[in-house]
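Contents: one structure, followed by commentary.
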Amino acid sequence: MIGFLDDFLKVKRGKNNGLKAKSKFLMQILAAFLVAYMIFEYDRSVNLCAGCIYIPFVKNGVLNLGLFYIAFAVFVIVGTSNAVNLTDGLDGLATGPSLTTIMPLAIFSYISGNVIFSHYLHLPYIAGVGELSVLLSALAGSLLGFLWYNCYPAEIFMGDTGSLAIGGMLGIVAVAIKEEVVLAIAGGIFVMETLSVIIQVASYKTRGERVFRMAPIHHHFELKGWPESKVIVRFWIISLVLALLSLTALKLR
């Protein structure tokens, strides 16, 4: 709804002038807080450690944040939503990594919702989250259909209506299944794009110098002379490798 309102205002006004950045950000935080709070209360109702972060690749890697977990969950949801939005700068660039990130999350959600598999693989059992794999599969199917027309050169674009929603869903699912770290690994492209913007802005404000030719980082490679299609496909390859890496967390505990 936030993304649609932003896009609608841009179209209505006939220029790139949608929601104000602060208003948009506050609306995202409010929406994320409501969802994070509901997930937190649900986890407590089923006797799950609601404030715990489960760290993969570490035996008994659990960090209990207590009530501060809600703030952490808001950060994950809003951060992922905006990260996908930042990545959506070239034809199909956000769609490919979204698909590869969905794959491990769908597998983790199915396993976490199955009492036998979750106990065998030392994942937290969360009743009902197996249904999220159905939701993610539906999203993957819609993205594949969209990518057919969004690949270079694109005929249609997702805008904020799509990118904020996709990122928001990825963040919410990761919080619901307690796999926020897996999301950061599988969605490494989104993390990289966001960090490039943070580094660029911080460097320019503190030193007056730019680290990259342009941020987000996909524009940096464009300005270095890479064709748009090369940037897109190479980012897709990296995202696929990261998705496969995140799946190793199933056994490496």
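The values are calculated or read from the model by the stated rules, or taken from the named source; none is laboratory data. Keep in mind that this is a model prediction, so the values were computed, not measured. All Cβ positions, even for glycine, are placed from backbone atoms using ideal geometry, and neighbour counts span all protein chains on display.
Is it true that residue 2 is among the aliphatic types (A, V, I, L, M), in contact with a helix residue (DSSP H, G or I) (Cβ under 7 Å, 6 or more places away or on another chain), touching a residue at least 60 places away in the same chain (Cβ under 8 Å) and over 30 Å from residue 250 (Cβ atoms)? Yes; evaluated as a whole, the condition is true for this residue. Residues that are of a type outside the set (Gly, Ala, Ser), crowded, with 17+ Cβ neighbours inside 10 Å and touching a Ser or Thr at 6+ places or on another chain (Cβ under 6 Å) within the range 176-211 comprise 177, 182, 185, 189, 190, 193, listed in sequence order.
For the range 31-57, the candidate set comprises residues that are among the hydrophobic types (A, V, I, L, M, F, W, C) and surrounded by fewer than 13 Cβ atoms within 10 Å (Cβ to Cβ); within that set, the residue that is farthest from residue 128 (Cα to Cα) is 57. From the list 250, 245, which one is under 18 Å from the mean Cα position of the chain (by Cα) and either more than 26 Å from residue 153 (Cα to Cα) or surrounded by 18 or more Cβ atoms within 10 Å (Cβ to Cβ) (or both)? Sole residue among the options that is under 18 Å from the mean Cα position of the chain (by Cα) and either more than 26 Å from residue 153 (Cα to Cα) or surrounded by 18 or more Cβ atoms within 10 Å (Cβ to Cβ) (or both): 245.
Looking only at the range 146-156, decide whether some residue is buried (at least 22 other Cβ atoms within 10 Å of the Cβ), touching a residue at least 40 places away in the same chain (Cβ under 8 Å) and of a type outside the set (Gly, Ala, Ser). Yes, the range 146-156 has at least one match.
If you check residue 166 against the conditions, is it within 25 Å of residue 20 (Cβ to Cβ), of a type in the set (A, V, I, L, M) and over 18 Å from the mean Cα position of the chain (by Cα)? When the stated conditions are applied, residue 166 does not pass them.
As a summary of the residue check, residue 75 satisfies the conditions (1) free of Cβ contacts under 8 Å to residues at least 24 places away in the same chain; (2) over 16 Å from the mean Cα position of the chain (by Cα) except for the one numbered (2). Among what's in the range 204-228 and is part of a helix (DSSP H, G or I) and of a type in the set (A, V, I, L, M, F, W, C), pick the residue that is modelled with the lowest pLDDT. The selected residue is 223.
You will find that of 12, 24, the residue that is under 22 Å from residue 165 (Cα atoms), modelled with pLDDT of 90 or more and among the basic types (Lys, Arg) is 24 and no other. Would you mind stating whether residue 53 is closer than 18 Å to residue 173 by Cβ, touching a residue at least 12 places away in the same chain (Cβ under 8 Å), of a type in the set (Val, Ile, Thr) and not in a helix (DSSP H, G or I)? Yes: the conditions hold for residue 53. Considering the conditions (1) surrounded by 20 or more Cβ atoms within 10 Å (Cβ to Cβ); (2) of a type outside the set (Phe, Trp, Tyr); (3) modelled with pLDDT under 95, residue 172 is excluded by exactly one of them, (3).
Scanning the range 78-101 for residues that are under 16 Å from residue 168 (Cβ atoms), surrounded by 24 or more Cβ atoms within 10 Å (Cβ to Cβ) and among the aliphatic types (A, V, I, L, M) yields 83, 84, 94.
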